[in-house]
Amino acid sequence: MTVKGGTSQACAACKYQRRKCSAGCQLARYFPPDNPRMFQNAHKLFGVSNILRIINNLKTQEEKEEAMRTIIYESKVRDRYPVHGCYGIIVELHCKINQAELELEAVNAQLNFYRQQQHRMSQSSPPPNHSPPHLQLGNTSPINALPLFQQHPHQSYNGMASGINQHHNSLSNGSNGVVYNTNLEYIESKEGIVNSFWVPCNNFLATQPQFITTQGFPIQQVPEAPQDYDEMHVFFDTVDDRQSYIESKDAYESRYICVHLVRLVLTVVVQVFEADEIRIISHRCSSPPSNASTT
Amino acid sequence: MTGIGSPCGACKFLRRKCVNGCVFAPYFSHEQGAAHFAAIHKVFGASNVSKLLMHLPVADRCEAALTISYEARARLQDPIYGCVSHIFALQQQVFNLQEQLASLKTQASQGLAMAVQLHPMDNFLSTSRGL
């Protein structure tokens, strides 16, 4: 309702109540005329007299403004979620905190594992120029298997690292990656809150064991393997089955190629020796015998 | 449940006759019913809460009464922020945990990369030992 002869518009509170909006209207600054819904929600939950009583009991203007902000927020949430209101948001935040704490625990365990592994590696690191023994036989050229396999491990490990990073990203996407601040608009923009009290916690409980098992890394006990390569295989097997399959496949292939090469070399050597033997025998047959038997 | 003729906590507080279809009776008949309703009445008003409950399905009214009671008591304890202060505190806690988690995940991914760099030679040695 507009003031006669004036240009200022009545506030949403006075408009709703269909009364004259005086200059000293206490609610005018909190309920602008362009947002009538805000006052309707506050009026529906608190009522005008209760709002005014709450404000008038406060001393400073800042306190009054803060109180009005929270009253408007509370009534807006109650309008959106009539059954649970702000308590539903509190419950969901508690669930998020529990989830984040569990995730923190898991990542801490992973970090401890890496630190232990690093410590173990630093204690038992091999000599830098160590190379596997290669076959070197006579005229045959030495076979050095090392250059053939230097590229494969890097590719397989990089793929696995990216797979784990993707898994971590997929885990972090559950929390929306939203930057948290104390702005009330953040809470208002959340779409995930439903009226059912137990849905967020149930979903959380349902996903909790899945979260722990798919994470994969050894939280409870690190297997005590005597050798590093055994421990390494166990670790990667638990992290990503697909990648570990590729990793073991490469290892199997490289081992197979090594065996194959050794066999090839051995056959060549045998052939060379056989060829020499045949040459010697033919030479002996062609040359006149030095000790011919006489009758 | 109230006995026959025994008013619920809300009607006791309001000093009125508790009729058969009293909307508050199922939810404010316990020991603390009157005290809880007093807080609700002071903050929100009996008529507002009555209208709110009447607009809800019967199955949801109990939870609504509990949450309204919680918000009213929170507002009496903290007239400025009410239960919203609790939301702010939890929100901040979630934010801090998310930050901590992001930082640790970065460290974990760096640890993994480092482990990968240290392992190629060991992997080759392991395969050559398998001959």
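Just so you know, all these numbers are worked out from the coordinates, no wet-lab data involved. These figures come from a predicted structure and were not determined experimentally. Don't worry about glycine lacking a Cβ; one is built from the backbone with ideal geometry, like all the others, and counts go over all protein chains shown.
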More than 12 Å apart: what percent of Cα pairs in the range A:55-107 qualify?
72
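Show me the ranking of peptides A:103-116, A:84-97 by mean Cβ neighbours inside 10 Å, starting with the highest.
Result, highest mean Cβ count within 10 Å first: A:84-97, A:103-116.
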Could you give the angle, 0 to 90 degrees to the nearest 10, between helix B:33-43's Cα long axis and the longest principal axis of the Cα atoms of chain B?
80
As I understand it, the value is the acute angle between the Cα axis of helix B:58-77 and the longest principal axis of the Cα atoms of chain B; what does it come to in degrees, rounded to 10?
90
Rounded to the nearest 10, the angle in degrees between the Cα long axis of helix B:84-129 and the longest principal axis of the Cα atoms of chain B comes to 20
Of all trypsin sites (Lys or Arg not before Pro) in the range B:1-63, which ones are in loop regions per DSSP and have a Cβ with at most 12 other Cβ atoms within 10 Å?
B:Arg15, B:Arg16, B:Lys17
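Averaged over its residues, how many other protein chain Cβ atoms are within 10 Å of peptide B:76-83's Cβ atoms?
Details: counts 0, 0, 2, 8, 13, 8, 7, 8.
Average per residue, whole number: 6.
Using helices alone, what [θ] at 222 nm do you get for chain B, with -39,500 (n - 2.57) per DSSP H run of 4 or more residues, divided over all residues and rounded to the nearest 500?
Working: 5 runs with 92 residues, N = 131.
Helix contribution divided over all residues of chain B: -24000 deg cm²/dmol.
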According to the square roots a ≥ b ≥ c of the eigenvalues of the Cα gyration tensor, what is the shape class of the range B:61-101, taking rounded for a/c under 1.5, prolate for a/b larger than b/c otherwise, and oblate for the remainder?
oblate
I want to verify a result. In a Gaussian network model of chain B, Cα cutoff 10 Å, which of these has the top mean-square fluctuation: B:Phe44, B:Phe95, B:Phe28?
B:Phe95
What number comes out for the charge environment of A:Met68, summing +1 per Lys or Arg and -1 per Asp or Glu over other residues with Cβ under 14 Å away?
+1
Cβ neighbours within 10 Å from other chains - mean over A:77-90:
6
